[in-house]
Amino acid sequence: MTNHIAFLGTGSMNEAIMAGLLAAGFPKSDVTATVRRGERAAELAQRYGVTAMATAEDDDVNAQAVRGASVVVLGVKPVGIADVAREIASALRPDAIVVSVAAAVSIAQLEKALPAGQPVVRTMPNTPARLGHGVVSVSGGTNASRDHVERVVKLFKSVGLVVEVPEDQVEAVGALSGSGPAYVFYLAEAMAKAGESLGLDPYLALKLARETVVGAAHMLAEPGADPVALRRAVTSPKGTTERAIAVFEERGLPAIIADGARAAAERSREITRELD
Ligand SMILES: NC(=O)C1=CN([C@@H]2O[C@H](COP(=O)(O)OP(=O)(O)OC[C@H]3O[C@@H](n4cnc5c(N)ncnc54)[C@H](OP(=O)(O)O)[C@@H]3O)[C@@H](O)[C@H]2O)C=CC1
Ligand SMILES: O=C(O)[C@@H]1CCC=N1
């Protein structure tokens, strides 16, 4: 059981990480997942072949899942994390690394709910982890040694890019890459609506918007890609794109995006205060 991972709270985020790890070759027999509802547990067991258990069917499943696990990934909503941490405290191996993917839950808040000395690593992942294209930040807690942090880095590298940041930068990372996939999907939605407003059939507009975002993302993924240079290559002098970008600039789109990200980071700090 030395390499066993327990995912507690396997919703959108933890499922994406678990799916990414399994796709990268992590053995399904070394994974246990917990959720609240029985039907969700059955869905995860069927989809991935992992052991999945529901608190609605047995209120001890979180403790059972962590017994013997060397890594425990907490993926419930921020408000439920401390309760789950207290629930598993006596079942945790003293050397198990407790990894949190929760926005807004500080390392100090988590450490307070866990046994003294338990290694904690706070992360901020994003859902493209499911495809091995995630971005994950890691920040080690008070009892996390270099080796603990490195082990988490190694694990998450199989689902995407890993960056190590001091904890005071996690809000910013969350506001950029944690929430970021939603910003891109929102842009795709808006582009599809724009196509419709220009007279395209809704289905065709959505198809064009999706493929455009996917194609542009592939170009951004090329080594050394620079968004400014890529944008300029599309923008012919006195052409059509230039006119569109001029409207975006005039209406302050970059400032709107910066304000949105600032609001996300501030909401994270607000939740942290609410949890105290
Ligand atoms: N979604 C994202 O893109 C990102 C999310 N995060 C963080 O990930 C965490 C989860 O978010 P997200 O995945 O979106 O939320 P979801 O609601 O999709 O997932 C939460 C999961 O927790 C389960 N759950 C609730 N209570 C318990 C419990 N006591 N024991 C075990 N399982 C429980 C739920 O079960 P059931 O399904 O049966 O209700 C559900 O599967 C949050 O803390 C969030 O801040 C971080 C970065 C990005
Ligand atoms: O919206 C949220 O609170 C979570 C954290 C980052 C992305 N989703």
Margin query: Suppose the filter is among the polar types (S, T, N, Q), near ligand 1 (Cβ under 8 Å from one of its atoms), closer than 25 Å to residue 165 by Cβ and surrounded by fewer than 20 Cβ atoms within 10 Å (Cβ to Cβ); does residue 12 pass it?
Written below: yes
Check: Within segment 167-190, is even one residue within 12 Å of ligand 1 (Cβ to nearest atom), in a loop (DSSP other than H, G, I, E, B) and modelled with pLDDT of 95 or more?
Finding: yes
Next item on the list: Spot the failing condition for residue 139; the list is (1) touching a Pro at 6+ places or on another chain (Cβ under 7 Å); (2) part of a helix (DSSP H, G or I); (3) within 16 Å of ligand 2 (Cβ to nearest atom); (4) under 30 Å from residue 94 (Cα atoms), and only one is missed.
Entry: (2)
Check: Does residue 167 fit the bill of being in contact with a Ser or Thr (Cβ under 8 Å, 6 or more places away or on another chain) and either of a type in the set (D, E, K, R) or assigned by TED's automatic domain parsing to the domain that holds residue 102 (or both)?
Finding: yes
Item checked: Selection from segment 102-128 of residues that are within 16 Å of ligand 1 (Cβ to nearest atom), outside any strand (DSSP E or B) and farther than 12 Å from residue 78 by Cβ -> 107, 113, 114, 125, 126, 127, 128
Note to self: Filter segment 30-46 down to the residues that are farther than 14 Å from residue 8 by Cβ and either in contact (Cβ under 8 Å) with a residue 24 or more places away in the chain or touching a Pro at 6+ places or on another chain (Cβ under 8 Å) (or both) and list them by number.
What the structure shows: 30
Check: within 16 Å of ligand 2 (Cβ to nearest atom) and either under 21 Å from residue 119 (Cα atoms) or surrounded by fewer than 23 Cβ atoms within 10 Å (Cβ to Cβ) (or both): does that describe residue 74?
Finding: yes
Checklist line | Top-ranked residue in segment 165-189 [being within 13 Å of ligand 2 (Cβ to nearest atom) and of a type in the set (Gly, Ala, Ser); ranked as surrounded by the most Cβ atoms within 10 Å (Cβ to Cβ)] | finding: 178
Next item on the list: Select from segment 190-200 the residues that are more than 18 Å from residue 213 (Cα to Cα) and either of a type in the set (Ser, Thr, Tyr) or surrounded by 12 or more Cβ atoms within 10 Å (Cβ to Cβ) (or both) and list them in ascending order.
Entry: 197
Notebook entry, point to check: Out of all the residues in segment 59-67, is one or more more than 21 Å from the chain's Cα centre (by Cα) and free of Cβ contacts under 8 Å to residues at least 12 places away in the same chain?
Noted result: yes
Item checked: Residue list for segment 16-60, restricted to those being closer than 22 Å to residue 155 by Cβ and within 7 Å of ligand 1 (Cβ to nearest atom) -> 34, 35
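The values are calculated or read from the model by the stated rules, or taken from the named source; none is laboratory data. Small disclaimer: the values here were computed from a predicted structure and weren't measured. When we count neighbours, we look across all protein chains shown, and the Cβ atoms used for this are built from the backbone with ideal geometry, even at glycine.
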